[in-house]
1. Using only the alpha carbons of the range 1-65, what is the convex hull's orientation-averaged projected area in square nanometres?
2. Past 32 Å, Cα to Cα: identify those pairs from K8/K91; K8/K90; K39/K66; K35/K116; K9/K97, in the order given.
3. For all pairs of alpha-carbon atoms in the range 3-115, what percent lies in each bin of width 10 Å, listed from the first bin to the last filled one?
4. Roughly how far apart, in whole Å, are the Cα centres of the range 7-38 and the range 71-90?
Amino acid sequence: MSSMTLEKKILSTNDWGLLALLHEGLMERFEDAGKAIEKEDYTMLNELINNSRDIISELLITFREKDELSTNLRSLYLFTNKLITEGEIKKDSSSFKKAIDIINPIYTGFKGLEGKEEANIVSGLTYGKEELLDHLTRSNKTFQG
């Protein structure tokens, strides 16, 4: 996904959509990590793993509360981190496929929730420019319990 497309998606979605985007990005990195193993490009694999861990860390922080949903999601994210660590150490692309299988239903759930709620209002998009500037979003939601 191009950075311009990603930026537009980020600016025009709601909180559920942002969570879906994080999960989508995570799955893309897992797919690319599997390909990096097949190509024996371990430098790229290392970069993808580090980026994946950054996303997982963000998700762990987002769902840091003690409610049942947050606890269950944290368990899945930690297990996913274990899988990708094993995949990295053993150079086993099947670990990344398993990680995708875990993250995909979570992605699907957040994507479904995105469609049930109004998107954030974004104004001031600069058409024809290299980047989107001067945007304003309306959202009072947090994920804290």
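Read-outs throughout are calculated quantities, based only on the coordinates presented, and are distinct from any laboratory measurement. Because the structure is predicted, anything quoted here is derived from the model rather than measured.
1. Numbers: hull surface 19.2 nm².
Dividing the Cα hull surface by four gives the mean projection, 4.8 nm².
2. Values: K8/K91 35 Å; K8/K90 38 Å; K39/K66 41 Å; K35/K116 35 Å; K9/K97 26 Å.
Too far apart for the 32 Å limit: K8/K91; K8/K90; K39/K66; K35/K116.
3. Result returned by the calculation: 15, 45, 31, 9, 0.
4. Cα centroid of the range 7-38 versus Cα centroid of the range 71-90: 17 Å apart.
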